[in-house]
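What follows is one structure encoded as structure tokens, with my remarks underneath.
The numbers here are math on the coordinates, done by the rules we state, and not lab data. Being a predicted model, the structure only gives us computed values, none of them experimental. So basically every Cβ, Gly included, is an ideal-geometry build from the backbone, and we count neighbours across all protein chains shown.
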Amino acid sequence: MHIVVCIKQVPDTKNVRIDPDTHTLVRQGVESIVNPFDFFAVEAALKIKDERDARVTVLTMGPPQAEEALREVLSRGVDDAVLLSDRAFAGSDTWATSTTLAAAIRKLGDVDLILCGKQAIDGDTAQVGPETATMLNIPYATFAKKIEPMDDRHLKITRQTDEGVEVWKVPLPALVTVIKEVGEPRMPSLRHKMRAKKASIPLWGIQDLGLAPESVGLAGSYTQVVRVFSPPRRGNRLMIQGSVEEQAERLYRLLKESKVPGL
Amino acid sequence: MKVLVDRQKCTVCGVCVDVCPFSAITLTETSIEVSDACTLCGMCVDTCEFGALSLPDVGAGPGEDLSAFRGVWVYAEWREGLIHKVSYELLSEGRKLADKRGVPLCAVLLGHGLDGTLAHELIAHGADVVYVVDRPELAHFTDEVYGNVLVELIREKRPEILLAGATSMGRSFIPRVAACLRTGLTADCTELDISPEGLLLQTRPAFGGNVMATIVCPHRRPQMATVRPKVMKPVKRDGRTGSVESPTLPEECFRARIEVLEVIPEKDQTAKLTEADVIVSGGRGLRKAENFAIIEELAQLVRGAVGASRGAVDEGWIPPSHQVGQTGRTVAPSLYMAVGIAGAIQHVVGMQGSNVIVAVNKDPMAPIFDVATYGVVADLFDFIPAFIRKIRQDRGEL
């Protein structure tokens, strides 16, 4: 079984803050990390590899430094990595990103299963997985919490929805996006770390993928950002003073007056 | 490709250098330089007060006659016999967009064994036309069949705009619809508007909610967006009239490769966070699992759901289904009470859309107070029992 895991290198948004005075992004201490959800996809792939004969390839599209993200994932025990990098890929929306990933997966050829994190924390769109699967004309299942091979050609997928849980029988090849319940990501091992350090990672650009420059990057995108701005700050914060009893009384009265439900 | 710099307008003030999340802009004595690290995210463009920065245009793609597309559509989400509230919210927003454009507003209702009154509910909430497809293959959701049916309807009727809820269903199958139709899709919008030329202005949070971005899809149709629940307000008017149509679709639309084996509704109703009107959340400040009891007590008293920060979930005090935040659920209730939660950005992005936010924390410097409507600096183990007593007293229960 050949499993491909698609990952993304993202800015560590949880450390990003807006400076309340200048309204600009405070970048200090913000590093590039592997999208946290993608580690769950890597873990899901390695779990399958633990139990059956499987090869795992990790794929990312990004600037040249995204190679670090691939090595980070190789150190967890993934077999191979491929970096998709080309100036022509810059500015990709989800459509152009999916076009590029789908082309790379076609080039890899013998892929049975593609795993992705449920979404990336910088854009939070959750679109690239489903769009890539649609372009490859294979079925997909999103928000999987459990992946169980049924036989060589089918997976039993347990997926989390807003209403509960669904169990699907999904034929391979397929794409699955995963949530954290698939399992705690394993730590890098010394052996894999050494291997990751030395691994040679092929770099594919548009020519390797047989893509036209107008079909990728900003030129190949359908959506366009026209404005970026800071979210409006809540200006009316009220700190409630007094003893605990007084605070409870005041808060209760304020909530009553603003007619919030439940009170 | 990189951000474009108009050297005539640039004053080399350096503001963009600090704004760039990718450190792609550097300052020299006489100009700014943009390196290959530029991802065209656009952060710098809006901060430049001299208008010196701009993004290159997106590709036009294969030419399409945009004027052939007319009308605003809302996907009406049917689950467990009911229409999801977000669909009514989208109808009221869709009504405004349709009126501005002078075009009809249509709802699409897919499912099986559909109650005949549902289509009329959609009309009462603003739809002029409701397209109903009722088939056994639609009894359970799959991305494939739901996607195929919606794609086929759109190909036939050609709406200019399609809106769907950013629910687990919408976020899952709408990307398939967009990919099949070769058009752009914007996820998780919190604000919509329309330009005089008919461009849908889709505003959504990005970078974990630290910035807002307005996105357009200039060259393809329909313009598609998923919209967060509880952001728009539904408007119902009884006596509104509209028509109900049941289009016939090709059989191959209903063929699925995926088989649904089981659908298990969540037993724990309190975990239905995204639907809740009131949420009381606990964090690390609770110190141990047993102390979640006071959160539960308060939640029950105000008929709310129990939420939690990642910290509390990571400690194993409460199951992950209660987690609010970037790696948990995004919620926007009328009242959100954050108790013993510091307010890391990853939590804040999941609840900042709430109408009223109450923060209770001992640490007056806790970042949660930055997003609070009402802040209480107190020991939660003193304050919450006092607050519970207050409610009970007022209700005559004490």
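Can I get the semi-axes of segment B:1-160's equivalent ellipsoid? Compute them from the C-alpha gyration tensor as square roots of 5 times the eigenvalues, in angstrom, largest first.
That gives 47, 17, 16 Å for the three semi-axes.
Would you please name the GluC sites (Glu not before Pro) within segment B:202-295 that are DSSP coil residues with at most 16 other C-beta atoms within 10 Å of their C-beta?
Hits after loop and neighbour filter: B:Glu266.
Using the Karplus curve 6.51 cos²θ - 1.76 cosθ + 1.60 with θ = phi - 60°, work out ³J(HN,Hα) for each residue of segment B:144-150 in order, rounded to whole Hz, and write x for Gly and Pro.
Result, rounded to whole Hz: 4, 6, 4, x, 4, 5, 5.
Placing +1 on the Cβ of each Lys and Arg and -1 on the Cβ of each Asp and Glu in chain A, which of A:Thr100, A:Val228, A:Val216 has its Cα farthest towards the positive end of the resulting dipole?
A:Val228
Starting from the 7 Å offset along Cα-to-Cβ, what nm value, one decimal, do you get for the label separation of B:Glu252 and A:Val167?
3.3 nm
Taking only Cα atoms of segment B:103-176, what ratio of Rg to Rh do you get with Rh as the Kirkwood inverse-distance radius?
That ratio is 0.94, to two decimals.
For segment B:58-149, take the alpha-carbon Rg, divide it by the Kirkwood Rh, and send me Rg/Rh.
That ratio is 1.03, to two decimals.
For every helix of n ≥ 4 consecutive DSSP H residues, a contribution of -39,500 (n - 2.57) applies; sum these over chain A, divide by its total residues, and give [θ] at 222 nm rounded to the nearest 500 deg cm²/dmol.
-8500 deg cm²/dmol
Rounded to the nearest 500 deg cm²/dmol, what is the calculated helix-only ellipticity per residue at 222 nm for chain B, with -39500 (n - 2.57) per DSSP H run of length n ≥ 4?
-7500 deg cm²/dmol
Which value, in Å³ per residue, describes the convex hull spanned by the Cα atoms of chain B?
190 Å³
Using each residue's phi in segment B:313-321, evaluate 6.51 cos²θ - 1.76 cosθ + 1.60 at θ = phi - 60° and report the 3J(HN,Hα) Karplus result to the nearest Hz, with x for Gly and Pro.
Along segment B:313-321, the couplings run 5, 4, 6, x, 7, 7, x, x, 5 Hz.
With both bridge residues required to lie in the protein assembly as shown, what share of the DSSP beta bridges run antiparallel, to the nearest 5%?
The antiparallel fraction comes to roughly 40 percent.
Using only Cα atoms, what is the ratio of the radius of gyration of segment A:155-204 to 2.2 N^0.38 Å?
That ratio works out to 1.73.
Explain nothing, just compute: Karplus ³J(HN,Hα) = 6.51 cos²θ - 1.76 cosθ + 1.60, θ = phi - 60°, for every residue of segment B:379-394 in order, whole Hz, x for Gly and Pro.
Calculated HN-Hα couplings, in order: 6, 4, 6, 8, 6, 4, x, 5, 5, 4, 4, 4, 4, 5, 4, 4 Hz.
Under 19 Å Cα to Cα from B:Lys362, which aspartates and glutamates show up? Leave out anything in the same chain fewer than 8 places away.
Those aspartates and glutamates meeting the cut-off are A:Glu245, A:Glu246, A:Glu249, B:Asp370, B:Asp379, B:Asp382.
Which log10 I(q)/I(0) values does segment B:254-398 give at q = 0.13, 0.21 Å⁻¹ under the Debye formula, counting every alpha carbon as one identical point scatterer?
So the normalised log intensities are -0.54, -1.31.
Looking at the calculated P(r) for segment A:59-164, what percent of the C-alpha pair distances fall above 20 Å?
48 percent
Can you say what percent of the DSSP beta bridges in segment B:66-254, counting only those with both residues inside, are antiparallel? Round to 5.
30 percent
By a straight-distance test (C-alpha under 16 Å), which aspartates and glutamates pair with A:Lys107 as possible cross-link partners, with residues fewer than eight away in the same chain excluded?
A:Asp80, A:Asp208
Skipping prolines and chain starts, which residues have an amide H placed within reach, meaning under 5 Å, of the one on A:Met239, given they are 5 or more residues away or on another chain?
Result for A:Met239 returns B:Gly375.
Give the residue list of trypsin sites (Lys or Arg not before Pro) in segment A:175-263 that are DSSP loop and have at most 15 other beta-carbon atoms within 10 angstrom.
Answer in residue order: A:Arg186, A:Arg233, A:Arg234, A:Arg237, A:Lys259.
State, to one decimal in nm, how far the label point of A:Ser200 lies from the label point of A:Lys47, with both points 7 Å from Cα in the Cβ direction.
Each label point is offset 7 Å from its Cα along the Cβ direction, giving 3.5 nm.
Starting from the amide H of B:Val74, placed 1.01 Å from N in the peptide plane, find each other amide H under 5 Å away whose residue is 5 or more places distant or on another chain.
Excluding prolines and chain starts, which carry no amide H, the hits are B:Cys106, B:Ala107, B:Val108, B:Leu163.
Expressed as a whole percent, how much of the Cα-Cα distance distribution for segment A:189-262 exceeds 19 Å?
Considering segment A:189-262, 73 percent of its Cα-Cα pairs are separated by more than 19 Å.
Stokes-Einstein diffusion coefficient for segment B:66-254 at 37 °C in a medium of 0.692 mPa s, Rh from the Kirkwood formula over Cα pairs: what value in µm²/s?
201 µm²/s
Please list, short to long, the whole-number percent of alpha-carbon pairs of segment B:199-334 in consecutive 5 angstrom bins beginning at zero.
Calculated P(r), rounded to whole percents: 2, 8, 11, 13, 13, 12, 14, 12, 8, 4, 3, 1.
Roughly how compact is segment A:114-204, stated as its Cα Rg over 2.2 N^0.38 Å to two decimals?
Taking the Cα Rg and dividing by 2.2 N^0.38 Å, one obtains 1.27.
What FRET efficiency would be calculated for the residue pair B:Phe381, A:Glu181, taking the C-beta separation as r and a Förster radius of 35 Å, to the nearest 0.05?
The value I calculate is 0.65.
With no solvent and one equal point scatterer placed on each C-alpha of segment B:196-257, evaluate the Debye formula and give log10 I(q)/I(0) for q = 0.16 Å⁻¹, two decimals.
One equal scatterer on each Cα of segment B:196-257 leads to -0.97.
Considering all projection directions equally, how large on average is the shadow of the alpha-carbon convex hull of segment B:4-54, in square nanometres?
3.0 nm²
Dividing the Cα convex hull volume of segment A:31-116 by residue count, how many Å³ per residue is that?
99 Å³
Going 7 Å from the Cα of B:Gln8 in the Cα-to-Cβ direction, what parts of segment B:15-45 have a backbone nitrogen less than 19 Å from that spot?
Residues passing the 19 Å test: B:31-32.
Which of A:Lys49/A:Lys156; A:Lys256/B:Lys390; A:Lys145/A:Lys193; A:Lys146/A:Lys169; B:Lys85/B:Lys230 have a Cα-Cα distance over 19 Å?
The answer is A:Lys145/A:Lys193.
Calculate, for B:Arg392 and B:Asp363, the FRET efficiency according to 1/(1 + (r/R0)^6) with r their C-beta to C-beta distance and R0 35 Å; round to the nearest 0.05.
E between B:Arg392 and B:Asp363, to the nearest 0.05, is 0.80.
Compute and list, largest first, the equivalent-ellipsoid semi-axes of chain A from the alpha carbon gyration tensor, each √(5λ) rounded to a whole angstrom.
The answer is 39, 24, 20 Å, longest axis first.
Any idea what % of Cα-Cα pairs in the protein assembly as shown are farther than 45 Å?
So the pairs more than 45 Å apart make up 19 percent of the total in the protein assembly as shown.
Counting only DSSP beta bridges with both residues in chain B, tell me the antiparallel percent, nearest 5.
25 percent
If I model a spin label at A:Met150 and A:Ser258 as a point 7 Å from the Cα along the Cα→Cβ vector, what separation in nanometres do I get?
5.0 nm
Assuming 0.36 nm per residue, please report the length gained on full extension of the stretch B:Lys100 to B:Ser195 beyond their Cα-Cα distance.
33.3 nm
Taking amide hydrogens as modeled 1.01 Å from N in the peptide plane, which residues meet the under 5 Å criterion relative to B:Arg329, leaving out close sequence neighbours?
B:Gln323, B:Val324
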